[in-house]
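Data first, discussion second: the structure below is written as structure tokens.
The values are calculated or read from the model by the stated rules, or taken from the named source; none is laboratory data. None of these values were measured; they are calculated from a predicted model. Glycine also receives a Cβ, built like all others from the backbone with ideal geometry; neighbour counts cover every protein chain displayed. Note: accessible area is taken over every heavy atom of the protein model, side chains too, but ligands, DNA and RNA are not part of it. Shrake-Rupley method; radii C 1.70, N 1.55, O 1.52, S 1.80 Å.
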Amino acid sequence: MAGEPYYLTTPIYYVNDVPHIGHAYTTLACDALARFMRLDGRDVFFLTGTDEHGQKVEQAAAAAGITPQALADKNSARFRDLARDMGYSNDDFIRTTADRHIRAVQQLWRELVKRGEIYLGKYSGWYSVRDEAFFAEKELIKGPNGKLLAPTGTGAEVEWVEEPSYFFRLSAWGDRLLKFYDDNPGFIAPESRRNEVISFVKGGLQDLSVSRTTFSWGVPVPDDPAHIMYVWIDALTNYLTATGYPDETSDGYRKYWPADLHMVGKDILRFHAVYWPAFLMGAGVAPPKRVFAHGWWTNEGQKISKSLGNVIDPYDLVAKYGRDQVRYFMLREVPFGNDGDFSHAAMVQRANGDLANGIGNLAQRTLTLIQKNCDAKVPAPDALNDSDKALLARAGMLIDELRGHMTAQEFHKALQAVLAVVSEADGYIDANAPWALRKTDSVRMATVLFVLAETIRNVALVMQPFTPEAAGKILDQLAIDEGARDFNQLGEARRLVPGTALPAPKGVFPRIDDPAKA
Ligand code: MSP
């Protein structure tokens, strides 16, 4: 496994909007996974970026009285800043207005034309600008005022569109897609989403309009620049661009394609799990290995929307609760894949219950006892009894459990597993009462504190992907070298060295108890 490439992507974000909690969430999930895989020795390539073309952006720019490029530049920078300010560890940031991307998407188009997958026709049908998607009449929903709405839950109105258009022969791909899903059962996750996609494909596919002529903000069709490419064919191709495509001999392409994981929200699964593999197979390029569709957040039980004025700004959240606390909450609170509700009460409960009283308290108690009673040095253990060995074994084996959960993108289960070890350690500390041993059996006390410090070392190592700052501070307090923090150092591979001087302990997860913050 070591050194094996791992390529994962976020969706690229529309620049008609400013970053909100939904964007931060998708990237956060990828960040935790990217960090985990790096610590586990994988050669990770983690991509995020912005989706800058299309009618929606053109309209937003017109409304703001600026050019689409100016709008794109301004808002793309905000997404780039968000990644930096949230501490995300993406390796690249792609923009669909960049030359490297325009080259890639035009090449993919040519490849599709060459293979007879694209033909010129005329489109007439319903289009939702909000979703940048076409819908069949039977899919549409009647709105309260009789207006026809897209079936995506976005509440967006559709408009009738009639224009010459290039088409992709999607109708010919149904059986091949179904076979692909069958041969690759892990391609779409979670399982319930996989079933939805399969029944959509079984329902029959229509050829897909892949160019527009009534606006101009997009990549021109090669040899027919009156046509602008459909924004989704443009956008999806970003995942290839970043590897070096169309240069199929480039290191990046050879190493990282096909992608290991496209992380997406449930609303854009169809594009990634149906259109994208069809485009790729149609162009003779291997499809990605997996697409995971996560759920949506609501705010205190309400759908998040600009008109309700309840959009959650990730900066506010972090300022209020802390970066690690927000990361932990979002990944632990909701079974990944389900919808989740953001509430102040739940946020505080998680941060205090699991972090301050759980991991933080265990580390603080243990390190303070060591500081006071062991001359501020890693204590030397005597012979280990069965309960010592059991706790160390549990902590050392955590990684095996986590690998399974992370490969399945079950972040909540990974964190549950870590917290289960923390509560075992809490039980162990109470049962062994090292503070009492100080007077009766200082040799045993040293053993107990060593076992606890080792357990904390293991817990902090595996928490790095989830709460990187706090985990790093705990490792600092255990005097662990920066170079000794990867997953090869877990368990018996590298125990704490007795006699190592330890700095004065400091709490890493403050309790959130300021009522004014509510
Ligand atoms: N530009 C397209 C993606 C192209 S990928 C080739 C797009 N952009 S988006 O900016 O509208 O949305 C990006 C992501 O944010 C989606 O995965 C979407 O599911 C996610 N979210 C938007 N609102 C959300 C919540 N309220 N909760 C969780 N995620 C949400 O779609």
>> With a 1.4 Å probe and all protein chains kept in place, how do H101, H344 rank by accessible area, largest first?
In response: H344, H101
> What residues qualify as long-range amide H neighbours of I304, i.e. H under 5 Å apart, gap of 5 or more or another chain, H built at 1.01 Å from N?
Replying inline: N299
> Excluding ligands and nucleic acids, what accessible area in Å² is computed for T440 using a 1.4 Å probe, to the nearest 10?
Replying inline: 110 Å²
> Which lysines have a Cα lying under 25 Å from the Cα of K74, excluding residues fewer than 8 positions away in the same chain?
Replying inline: K56, K306
> Using r as the Cβ-Cβ distance of A393 and S423, and R0 as 22 Å, what FRET efficiency do you calculate, to the nearest 0.05?
Replying inline: 0.85
> When DSSP assigns beta bridges and you keep just the ones with both residues in the chain, what percent turn out antiparallel, to the nearest 5?
Replying inline: 50 percent
> How far apart, in nm, are two points set 7 Å out from the Cα along the Cα-to-Cβ line at R403 and at T440?
Replying inline: 4.2 nm
>> Under the rule of at least 5 residues apart or a separate chain, name every residue whose amide H is placed under 5 Å from the amide H of L148.
In response: G143, V158
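Please work out how much length the chain gains when fully extended from E157 to E196, using 0.36 nm per residue of separation minus the C-alpha to C-alpha distance, in nm with one decimal.
The E157-E196 span can extend by a further 11.7 nm.
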> What are the semi-axes of the equivalent ellipsoid of region 128-265, taken as the square roots of 5 times the eigenvalues of the Cα gyration tensor, listed largest first and rounded to whole Å?
Replying inline: 28, 23, 15
> Using the reciprocal of the averaged 1/r over all distinct C-alpha pairs, how large is the Kirkwood radius of region 251-297 in Å?
Replying inline: 11.4 Å
> D430 to A63: extension gain in nm, 0.36 nm per residue of separation minus the Cα-Cα distance?
Replying inline: 125.7 nm
> Round to a whole number: what % of the accessible area of region 316-375 belongs to carbon and sulfur, probe 1.4 Å?
Replying inline: 44 percent
>> Please report the projected area of the chain's Cα convex hull averaged over all directions, in nm².
In response: 26.3 nm²
>> Ordering W232, W160 by accessible area with a probe of 1.4 Å, largest first, what comes out?
In response: W160, W232
>> What value in Å³ per residue do you get for the convex hull of the alpha-carbon atoms in region 405-472?
In response: 81 Å³
>> Within region 4-18, name every residue whose backbone N is under 20 Å away from a label modeled 7 Å from Cα of N310 along the Cβ vector.
In response: 18
> region 159-198: percent of C-alpha pairs farther apart than 12 Å?
Replying inline: 68 percent
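How high is the relative contact order of region 47-175, in percent, with contacts defined as C-alpha pairs under 8 Å that are six or more residues apart? Please report the intermediate quantities before stating the final value.
Working: 147 pairs, mean separation 29.2, N = 129.
This gives 23 percent for region 47-175.
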> Mind checking the log10 I(q)/I(0) for region 229-339 at q = 0.19 Å⁻¹? Debye, one equal scatterer per Cα, no solvent, two decimals.
Replying inline: -1.03
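More than 18 Å apart: what percent of Cα pairs in region 98-193 qualify?
67 percent
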> Once every DSSP H run of n ≥ 4 in the chain is given -39500 (n - 2.57) and the sum is divided by its residues, what mean residue ellipticity at 222 nm do you get, rounded to the nearest 500 deg cm²/dmol?
Replying inline: -14000 deg cm²/dmol
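Under a 1.4 Å probe, what is the accessible area of the chain per residue, stated in Å²?
Here the residues of the chain average 41 Å² of exposed surface.
Checking a compactness column here: for region 1-118, what do you get for Rg(Cα) / (2.2 N^0.38 Å), N being the number of residues?
That works out to 1.23 for region 1-118.
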> Once Lys and Arg get +1 and Asp and Glu get -1 on their Cβ, which of V378, F135, S209 lies farthest toward the positive end of the dipole of the chain?
Replying inline: V378
>> Rg and Dmax in Å for region 182-236, alpha carbons only: what are they?
In response: 16.0, 42
> In region 325-358, which residues have a backbone nitrogen under 18 Å from the label point lying 7 Å from A319's Cα in the Cα-to-Cβ direction?
Replying inline: 325-327, 344
> What residues qualify as long-range amide H neighbours of H227, i.e. H under 5 Å apart, gap of 5 or more or another chain, H built at 1.01 Å from N?
Replying inline: V221
> When averaged across all projection directions, what area in nm² does the alpha-carbon convex hull of region 328-370 cover?
Replying inline: 3.2 nm²
> Over the heavy atoms of M397, what accessible area does a 1.4 Å probe trace out, to the nearest 10 Å²?
Replying inline: 110 Å²
> Residue-wise, which Karplus ³J(HN,Hα) couplings in Hz belong to region 14-31, taking 6.51 cos²θ - 1.76 cosθ + 1.60, θ = phi - 60°, and x for glycine or proline?
Replying inline: 5, 8, 7, 10, 9, x, 9, 4, x, 5, 4, 5, 4, 5, 4, 4, 5, 4
> Can you give the Rg to Rh ratio for region 428-518, taking only C-alpha atoms and Rh from Kirkwood?
Replying inline: 1.04
>> I want to check a number: in region 95-221, how many lysine pairs have alpha carbons closer than 22 Å, given a sequence separation of 8 or more or different chains?
In response: 5
> Taking the Cα centre of the chain as the origin, how large is its charge dipole in debye, to the nearest 20, when only Lys and Arg (+1) and Asp and Glu (-1) carry charge on their Cβ atoms?
Replying inline: 520 debye
> Which translational diffusion coefficient, to the nearest whole µm²/s, is obtained for region 400-442 from the Stokes-Einstein equation, given a Kirkwood hydrodynamic radius over C-alpha pairs, 25 °C and 0.890 mPa s?
Replying inline: 202 µm²/s
> Considering only protein heavy atoms, what is the solvent-accessible area of D316 at a probe of 1.4 Å, reported in Å² to the nearest 10?
Replying inline: 100 Å²
> In nm, what is the difference between 0.36 nm times the number of residues separating K289 and Q349 and their Cα-Cα distance?
Replying inline: 17.9 nm
> Quick one: if you stick a label point 7 Å off each Cα along the C-beta vector at Q371 and E482, how many nm between them?
Replying inline: 2.4 nm
>> Explain nothing, just compute: Karplus ³J(HN,Hα) = 6.51 cos²θ - 1.76 cosθ + 1.60, θ = phi - 60°, for every residue of region 492-499 in order, whole Hz, x for Gly and Pro.
In response: 6, 4, 7, 7, 4, 9, x, x
>> So the label point goes 7 Å from the Cα of Q206 along Cα→C-beta, right? Which residues of region 103-122 then have their backbone N under 14 Å from it?
In response: 122
